Structures are given as C-alpha cells and as structure tokens.
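Step one of this worksheet: look at the structure below.
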Amino acid sequence: MTYVVTDACIRCKYTDCVEVCPVDCFYEGENMLVINPSECIDCGVCEPECPAEAILPDTESGVENWLELNTRYSAEWPNITQRKDAPADADEMKGVEGKLEKYFSPEPGEGD
Ligand code: SF4
Ligand code: F3S
C-alpha cells in the first residue's frame, strides 16, 4: 500500500507535503509532485498537510490511474525534500476540475 498524489496538485504545488515525509519520497514535476510508491512507508502524515487535498491512500477506489502516474513519473523526476514557494496563482487553481487533461506537464521540476 502507498499514498498517491492526484491531479488536485497540478498548478497548486504547495509542497507542504515534502516537509513531513519521513522517507523523502516525493518527486517534482514542472507543475505537480508525485510519490514513489515503492519508497512510501504508508505513514499517512502527508495527507492532511496538503491544502489542495491532493493526496490519497491507494486503498480508495478509483486511484489506479494515479498509482500508475506516480509510479511512472517518480522514476523520471528529481527528488524534492524541502518546501518551496507555491505558484502565484495556486489558490485560484485549487479545486479546479479536470486538471490532468488541461494542465498536466510531463516535464521534470527542479528538485533539490
Ligand atoms: Fe511520505 Fe508517509 Fe506520505 Fe508516504 S504516506 S509519501 S511515507 S509522508
Ligand atoms: Fe501538491 Fe499538496 Fe504537496 S498541492 S505539492 S500534494 S502539499
């Protein structure tokens, strides 16, 4: 079992989650983060930290696609372990529907 980041993170990218992860298993894309499912120890502390409610346990129904996306891009994107400033319009993007189709970027972020 693991936790996964969903498209609610896209263009919000608050990064509060990375500060609390005890095993540093978040990876940074251009406009969202993902979790490496094989590194996540399923502690759950990141879930309530996300202001966008973008983090879910993979025991919830319908998260298979997010698990696939997290697995794929955590292998390609750089590790991120420290909080950084969110995008200027992060609050406006919070709760917007259909962000995967509209805004997902496969490009890597900067990491740290
Ligand atoms: Fe890290 Fe725990 Fe969140 Fe997994 S559940 S990503 S180990 S904080
Ligand atoms: Fe994304 Fe939430 Fe972390 S918006 S960067 S999953 S705090």
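FYI, it's all coordinate maths here, none of it is from the lab. Bear in mind the structure is a predicted one, so any value in this text is a computation, not a measurement. Ideal geometry is used to build each Cβ from the backbone, glycine not excepted, and the neighbour counts take in all protein chains shown.
Choose one answer from Asn31, Asn79, Asn65: the residue with the largest mean-square fluctuation in a GNM of the chain with alpha-carbon springs under 10 Å.
Asn65
Which residues does the label zone of Ala75 cover in the stretch 1-44, counting backbone N under 12 Å from a point 7 Å along Cα→Cβ?
Answer for the stretch 1-44: 37-38.
Could you list, bin by bin from short to long, the percent of Cα-Cα pairs of the stretch 3-83 in 5 Å steps?
Percent of Cα pairs in each bin: 3, 19, 31, 31, 14, 2, 0.
Enumerate the lysines that Lys84 could reach by cross-link, defined here as Cα to Cα under 21 Å, with residues fewer than 8 away along the same chain left out.
Lys13, Lys94
Once every DSSP H run of n ≥ 4 in the chain is given -39500 (n - 2.57) and the sum is divided by its residues, what mean residue ellipticity at 222 nm do you get, rounded to the nearest 500 deg cm²/dmol? Don't skip to the answer; put the middle values down first.
Working: 4 runs with 25 residues, N = 112.
Rounded to the nearest 500, the figure is -5000 deg cm²/dmol.
Between Ala88 and Asp42, what is 0.36 nm times their sequence separation minus the Cα-Cα distance? Round to one decimal in nm.
On the way: separation 46, 0.36 × 46 = 16.56 nm, distance 3.07 nm.
Stretched fully, the Ala88-Asp42 segment lengthens by 13.5 nm.
If a cysteine in the chain has no other Cys Cβ under 4.7 Å from its own Cβ, put it on the list, ordered by number.
Cys9, Cys12, Cys21, Cys25, Cys40, Cys43, Cys50
Most mobile of Gly98, Gly44, Gly29 per a Gaussian network model of the chain (Cα springs, under 10 Å)?
Gly98
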